[in-house]
Structure formats: structure tokens, C-alpha cells
Amino acid sequence: MDCRLWPANERVAHISLMGQIENVDFVDGAARQLSVPVADLMSAPTGKRERQLQRGQSVMVLDDNDGWSFVQCARDGYCGYVQTDHLTNARQPTHRVSTRATHAYSGEDFKSPEAMALSFGAEVCVLDERKKFFETDVGFVPKKHLRPLDNPFSDPATLAQLHFGTPYLWGGNSSFGIDCSGLVQAALNACDMECPGDSDQQMDALGREIPEGDPLQRGDILFWKGHVGMMVDTDTMVHANAHHMAVAYEPILSAIIRIEAQGDGPVLARRRLD
């Protein structure tokens, strides 16, 4: 049992766990979505950040208590706590932010006050189309910065590269701050590819093992203990890492030597997504 994917706490459990757990109330859960640009998903109300949620991301609320909601993310099944006032009633999004970041403005004018800053991957509902802006449920967003959800990207490596220079943030899931597994998940999700939240889960779920001796190619994913990166060509990896404290390019042979020398061991798996 992976506690990260276990929709139960000491008070409640999802009805799917009936018969597997006792002394809790079983609930259906209520659909909600994130209303702020980014929010931490916590291990407990006073715990540490496990992952992050972005604006428009759907969750199932299982428990509300003292200003905190225990939720399960619809996208990857990850469970944790988020502040209740960061959630709102679910509304079907239509578009995602397709640039590294953008702004939602209060009016149809780039000189108007900013209503919200949005990261790549944030989801919004388009209400109306104007000359240069989409009117959305969070404000007016430049049309060039949004992409319909039914028109996914096709190259995860391009989206990983889009985050070049993004500050490293452990547990981060946005272009305001991201970690290694958050980068891979952001790239794959935007291509409508399912991807778990943490690197160990990704190693178990993603792709097929590349035969020993086969050269690496663009889009291949390499795993270490607690780390993951994506190849942009046969020799170069892009990854969010604490060594550079940013999303950075690194020659793969140098990275393998450096990561092992710093005590994190050898490459554990090489995976190809096709």
C-alpha cells in the first residue's frame, strides 16, 4: 500500500476502501478544483510539502477540518492536505497555459491590473474570445498563451526544455518552482500522457526498458534513486536538480559521474515512452 495514493486518514476513507479499513467514516468525496495559482499539497496540515497543485486542477475532497481539506488529486491519485480556502466548486476547464507563464488581466488590455499569475499547465475555462485575449474565469489571458485541452502537445522533451532556468523547488510542480519529477510530470501531462507524481512511482509506471547498449534518444527518461531526467538528444539531459538549483542542461556522461560521486548511486533504469 502506497500511502501517497491511499484515500484515507484517521477520520474518513473513500467508499472504495470499504472492507479494507475500519473505524472511519466512508465518504463519496466531493469534486473541487484549485482556485489559486499554486498551492502546496501537504503530508498533514502542519506537515511538509509533498507536491503542489495548480490553478484549475481537479481534486476529490474527502474531509474538511479546521481550515484544511484532505484530498485526492484526480490527475495522479496523490493524496494530501490543502488549505480549504484554496479550493472552489469544480468547473470544466477548456484550455491550459502553454507558455512558461502568463498573466490574467482584469481587463482586455495588457496595461490593466493583473488578476492572477499563471504557470505553464494551469487550466482555465474560456468564456469568450476577443481580438487578442480570451476572457476566462480568472480574467483576460493573451490568446497566444493558451492551448485547448483537446489539442495536447506531442513532444514531452520540448515542454521540459520550456522550463529551462526555472528555480528548483523540492516538491514543486510549476514554472514558479519545480523539482525533477514535477518537470517530467508537467511535460507528459501536457501531452495527455499519464504520469505519477514522484520519481520512484514514475520509474515503476513509465515506458519500457531500453535494451543495454542501445543509444539514448530524445525523450528517453533516466532514473536514479530519488532523481529523474529527460534526454533532449543522445548526449544531453534536461532536469530540475539541486546541484544547479534550477532546470538545467547537463551532458549525460558528466551527470552520471557527478550524481554517483555525490552519493546518489548509479542509473537504475532507462525508459523509452513509445
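The values are calculated or read from the model by the stated rules, or taken from the named source; none is laboratory data. These numbers come from a predicted model, not from an experiment. Cβ sites come from the backbone with ideal geometry, for glycine too, and all protein chains shown count toward neighbours. Only protein heavy atoms, including side chains, enter the accessible area calculation; ligands, DNA and RNA are left aside. Shrake-Rupley method; radii C 1.70, N 1.55, O 1.52, S 1.80 Å.
Which one of R51, R32, R55 is under 25 Å from F176 (Cα atoms), open to solvent by less than 20 Å² (accessible area, probe 1.4 Å) and out of contact with any Cys (no Cβ under 9 Å at 6 or more places or on another chain)? Every option except R55 fails the conditions. Selection of first residues in region 64-80 that are among the hydroxyl-bearing types (S, T, Y) and of second residues that are assigned to a loop (DSSP other than H, G, I, E, B), restricted to Cβ pairs under 7 Å at least 6 apart or on distinct chains, gives the following pairs, ordered by first then second residue: Y78/G197.
For region 88-115, a residue qualifies if it is open to solvent by 30 Å² or more (accessible area, probe 1.4 Å), closer than 28 Å to A31 by Cβ and either of a type outside the set (S, T, Y) or part of a strand (DSSP E or B) (or both), and the qualifying residues are T88, N89, A90, R91, Q92, A101, H103, A115. I'd like the full set of residues that are surrounded by fewer than 19 Cβ atoms within 10 Å (Cβ to Cβ), of a type outside the set (K, R) and either farther than 23 Å from T166 by Cβ or touching a Phe, Trp or Tyr at 6+ places or on another chain (Cβ under 7 Å) (or both), limited to region 116-134. Hits for region 116-134 are C125, V126, L127, D128, E129. In region 256-268, the residues that are touching a residue at least 24 places away in the same chain (Cβ under 8 Å) form Cβ pairs under 9 Å with partners that are part of a helix (DSSP H, G or I) and open to solvent by less than 90 Å² (accessible area, probe 1.4 Å), at six or more places apart or across chains, as follows: G265/I259; P266/I256; P266/I259; V267/I256; V267/I259; L268/M203. On the basis of being closer than 23 Å to A90 by Cα, outside any helix (DSSP H, G or I) and in contact with a helix residue (DSSP H, G or I) (Cβ under 9 Å, 6 or more places away or on another chain), does V71 make the cut? Spelling it out, it is not the case that V71 is closer than 23 Å to A90 by Cα, outside any helix (DSSP H, G or I) and in contact with a helix residue (DSSP H, G or I) (Cβ under 9 Å, 6 or more places away or on another chain).
Suppose the filter is at pLDDT 95 or above, closer than 24 Å to A30 by Cα and among the small types (G, A, S); does A122 pass it? Taking the combined requirement at face value, the residue satisfies it. At least 2 residues being open to solvent by 70 Å² or more (accessible area, probe 1.4 Å) is the threshold, and among the strands (runs of 3 or more DSSP E) wholly inside region 155-274 those reaching it are 246-251.
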